[in-house]
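Q: There's a structure below that I have some questions on.
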Amino acid sequence: MWKRLWYLLSTHFFDLLRANLLYVLFTLPVVTIPAAICGLYAVVLQYWRIGYGELFGVFWREFKANFFASLVLTLALVAIPICCWRFTAPYGEVISYVVTAAILAFVLILLGWLYPQLALLKLRPWQALRNAAILTLLETKRNFFLLLASLMLLGSFLFLWPFSLVLLVLLLPVFSVVVMVMLTLPVLEERLVQEEK
C-alpha cells in the first residue's frame, strides 16, 4: 500500500495537482461539491488501480453521472446532525454537543464509504447508501482511521485559515481523497467488487 502511495505521488504528482485544481474550479458553485468529490475519486482511483489514466474525461463523466445522487444523499446526511442539534437543544448544551458530535462522526464515516462507491461502482444511490451503512457498522478499525483522517484534514484546514486556502488550491482535497482511497478501496474490492463477479 505504501509503495503504491509513493508511486502515485512520485509519478502522477502533477496530474493530481491538475485534478485538484479542476476540483476547486468545479466546487465554486457550492451545490456541485458532492459531484466534484465523486469526480476526484474517479480520477484518483484510475491512477491508484491501473497506474495511468485520463484526467478531464474521467472527472467530467463521474461528475455528470453522480451529480443528483451525490447531492441528494449528501444533503440528506448532512441534515441529520443539524436536526439532531435542533432537537437535543432543550436537553442541555452538553448533551446536545455529545449527541450531535457522535452523529456527525457517523455521517462523516458514512460519506467516506459512500463517495468511493459512487465513483467506483455503478450502483443505484440507495444501494450505495445501504452498502456504506453496512460498512460503517462492520469496519470499526478502518472507520476510526477514516474519521481520524477526515477530522485531521478538516481541522488543519480550519486551523491554518486563511493560509489553508493555498492548501485548498494546491493539494489538500486530492490528498484527502488519496488517504480515503487507501483506507476504503481494499475493503470495497474484497466485499463488493468480488461479490459482483
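Throughout, read-outs are computed from the coordinates displayed, never taken from laboratory work. Bear in mind that the values here come from a model prediction, so they are computed numbers and not experimental data. Don't worry about glycine lacking a Cβ; one is built from the backbone with ideal geometry, like all the others, and counts go over all protein chains shown.
Q: GNM, the chain, Cα, under 10 Å: largest mean-square fluctuation among Val43, Val99, Val58?
A: Val99
Q: Among Thr32, Thr140, Thr184, determine the one that fluctuates most according to a GNM of the chain built with springs between C-alpha atoms less than 10 Å apart.
A: Maximum fluctuation in the GNM of the chain, among the listed residues, is at Thr140.
Q: Could you give the dipole magnitude of the chain about its Cα centre, charging the beta-carbon of Lys and Arg +1 and that of Asp and Glu -1, in debye to the nearest 20?
A: In total the dipole reaches around 220 debye.
Q: With springs only between Cα atoms under 10 Å apart, run a GNM on the chain and tell me which of Ser150, Ser176, Ser96 wobbles the most.
A: In the Gaussian network model the winner is Ser96.
Q: Describe numerically, in nm with one decimal, the distance between label points set 7 Å from Cα along Cα→Cβ at Ala76 and at Tyr52.
A: The two pseudo-label positions are separated by 4.0 nm.
Q: While we're here: Based on DSSP H runs of at least 4 residues, each adding -39500 (n - 2.57), what is the mean residue ellipticity at 222 nm of the chain after dividing by all its residues, to the nearest 500 deg cm²/dmol?
A: Mean residue ellipticity at 222 nm (helix-derived): -27000 deg cm²/dmol.
Q: Let me ask you something else. Apply the Karplus parameterisation 6.51 cos²θ - 1.76 cosθ + 1.60, with θ equal to phi minus 60°, to every residue of region 7-21 and state each ³J(HN,Hα) to the nearest whole Hz, in sequence, with x for glycine and proline.
A: 4, 4, 6, 7, 8, 10, 4, 6, 5, 5, 5, 5, 4, 5, 5
Q: Can you give me the distance in nm between label points at Leu9 and Leu28, each placed 7 Å from the Cα along the Cα-to-Cβ direction?
A: 3.0
Q: What does the net charge come to around Thr184 if you take all other residues with beta carbon closer than 13 Å to its beta carbon, with K and R at +1 and D and E at -1?
A: +1
Q: Select from Asn20, Thr140, Phe106 the residue farthest towards the positive end of the dipole of region 1-156; place +1 on Cβ of Lys and Arg, -1 on Cβ of Asp and Glu, and compute about the Cα centre.
A: Value computed over the given set: Thr140.
Q: Kindly write out, for region 24-32 in residue order, the coupling ³J(HN,Hα) from the Karplus curve 6.51 cos²θ - 1.76 cosθ + 1.60 (θ = phi - 60°), rounded to whole Hz, with x marking Gly and Pro.
A: Working through the residues one at a time gives 4, 4, 6, 9, 4, x, 4, 5, 8 Hz.
Q: Now for a separate question. Output ³J(HN,Hα) for region 129-137: one whole-Hz value per residue in order, computed from phi by the Karplus curve 6.51 cos²θ - 1.76 cosθ + 1.60 with θ = phi - 60°, and x for Gly and Pro.
A: Taking θ as phi minus 60°, the curve returns 5, 4, 4, 4, 5, 5, 5, 4, 7 Hz for region 129-137.
Q: Once you keep just the Cα pairs under 8 angstrom separated by 6 or more residues, what percentage relative contact order results for region 1-111?
A: It comes to 21 percent, rounded to a whole number.
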